[in-house]
Amino acid sequence: MLAGILLSLMAALGFGLSAVFIKAAMSSVSVKTATVVSLISSTVVTMIFALIFHSKEILALSPMAFLWFILAGLITFLGGRLLNFQAINLVGASKASAVVSATPLFAAILAVTFLNETVNLMLGIGTMMIVTGIALVVMQE
């Protein structure tokens with residue numbers, strides 16, 4: 001459990017650093033250029049590690065699983081990154097990151113809708129906390 005929490009904190013730190021680096025880099029390039037450079041670098045690094053450590057698992061994927069992973073990659077890598085970079089450009093790294101942290105809210109709604117997962121008290125409370133936090137950040141103007 002502690003390892004999972006530490007890894008989550010490291011991921012959060014990485015995402016936070018990424019938003020700051022993106023804002024700094026976009027002072028000299030467009031959002032689209034920043035997205036392309038980020039996508040290329042991420043793809044190269046990811047493919048190298050994936051092929052080194054998980055080539056057997058990748059080759060064993062069913063065509064349907066492969067399709068789902070491709071769709072998820074297109075949505076998050078291309079769509080999510082482009083929109084996130086545009087948001088960082090418009091409102092800054094801290095506000096954009098706070099709103100992007102609504103990911104669990106959307107994941108919960110979609111999981112209930114498409115995967116028939118159930119809503120319990122803790123999920124409901126967490127969802128309300130996310131909505132409240134986003135509202136406070138957005139209303140900060």
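The values are calculated or read from the model by the stated rules, or taken from the named source; none is laboratory data. Everything quoted here is computed from the prediction, not taken from an experiment. Counting neighbours? That spans all protein chains shown, and the Cβs are built from the backbone with ideal geometry, glycine included.
Odds and ends about this structure:
- Qualifying residue in region 37-47 (condition: assigned to a helix (DSSP H, G or I), within 25 Å of residue 9 (Cβ to Cβ) and of a type in the set (A, V, I, L, M, F, W, C)): yes
- Filter result (charged (D, E, K, R) and under 12 Å from residue 88 (Cα atoms)) within region 2-38: 23
- In the set 134, 109, 88, only one residue is within 20 Å of residue 12 (Cα to Cα), surrounded by 12 or more Cβ atoms within 10 Å (Cβ to Cβ), modelled with pLDDT under 90 and touching a helix residue (DSSP H, G or I) at 6+ places or on another chain (Cβ under 9 Å); that residue is 134.
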